[in-house]
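Throughout, read-outs are computed from the coordinates displayed, never taken from laboratory work. None of these values were measured; they are calculated from a predicted model. So basically every Cβ, Gly included, is an ideal-geometry build from the backbone, and we count neighbours across all protein chains shown.
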Amino acid sequence: MASCSRLPLHPFLFSASVRLACNRNVQVEASTAKSLYPPILPSRTAKSKAAKRRVVTEVFEQLRSCTAQEKIRALTRVQRKKLPEKYESAPVVDESVLSEVRSVVCNSILQEHWHAKKGRTFIQKEQEQLVTPFLRNALCGLKNLLAKENPVLSLSSLAFDPQVNYYWLRGERTIPEGHRRGRIEPMRFQIDDKPHSQIRIPQQLPEFVPLEAEISAEVPVITLAPDLLPLFKRQYDNNIFIGWCVPIYIILFY
């Protein structure tokens with residue numbers, strides 16, 4: 001008569017056990033087969049997490065293939081807008097001039113925040129009550145101080161709250177929509193700005209490059225109007241008025 005016996009579970013816990021070993025290579029052939037289609041990857045310019053993850057992955061893969069010096073340079077660099085290298089370096093300013101400039105700015109700050117003893121005001125009037133007088137005093141002091149370094153400043157004059165009008169005209173465009181759709185009109189841009197202060201000089205500033213000179217790809221050609229650029233879109237509005245489309249059935253009586 002057969003007797004009951006208990007087998008230990010210890011041998012079944014290891015993958016190398018004889019009872020769990022399997023030599024069937026069913027999935028090996030499927031994984032080694034070469035795909036006939038390219039892999040599906042997200043777009044680099046898409047606004048999604050997958051696209052951002054792909055860009056980050058490619059950057060790290062590029063860093064892994066670099067040398068040690070290139071890795072340090074790539075990880076510690078700071079991107080800044082740089083000037084062309086063909087221009088000469090600016091002359092070194094003496095330390096005494098910098099100390100005088102520092103003293104003028106400190107005196108302007110003390111004048112507004114200590115001697116005038118102005119209290120706190122509303123956020124809407126903070127710039128008008130605190131920042132504007134400081135800029136006016138600092139600008140007057142710096143103009144008189146730097147006049148000995150630049151003789152043009154001695155002949156210039158200061159204008160506060162001036163009215164600046166700018167008119168930009170370049171090229172033509174086709175109107176995309178509206179009652180004037182399809183017509184060709186010049187690209188015009190008109191802004192009416194009112195800055196805080198302005199230094200007016202009697203002579204024109206020297207130009208970096210003559211207008212007749214042929215410039216390579218260093219200076220890009222911008223074909224868009226300034227009101228379509230992100231730099232001016234939040235500050236200025238195009239004040240060019242092209243007129244209204246008046247219906248025919250409207251009759252005006254005088």
Under a Cβ-Cβ cut-off of 12 Å, what is the net charge of the residues other than SER96 that fall near it, where Lys and Arg count +1 and Asp and Glu count -1?
-> -2
Around GLU58 (Cβ within 13 Å, Cβ-to-Cβ, excluding GLU58; K/R +1, D/E -1) the net charge comes to +4
Mind sorting LYS49, LYS71, LYS34 by how few other Cβ atoms lie within 10 Å of their own Cβ, fewest first?
-> LYS34, LYS49, LYS71
Additional length obtainable on full extension of the chain from ARG188 to LYS52, 0.36 nm per residue less Cα span | 45.1 nm
Rough spin-label spacing in nm, given labels placed 7 Å along Cα→Cβ, for ASN150 and LEU228 = 3.5 nm
Local electrostatic count at PRO133 - Lys and Arg +1, Asp and Glu -1, tallied over other residues with Cβ under 11 Å | 0
Could you list the GluC sites (Glu not before Pro) in the range 163-208 that lie in coil according to DSSP, counting only those with at most 14 other Cβ atoms within 10 Å of their Cβ?
-> GLU177, GLU207
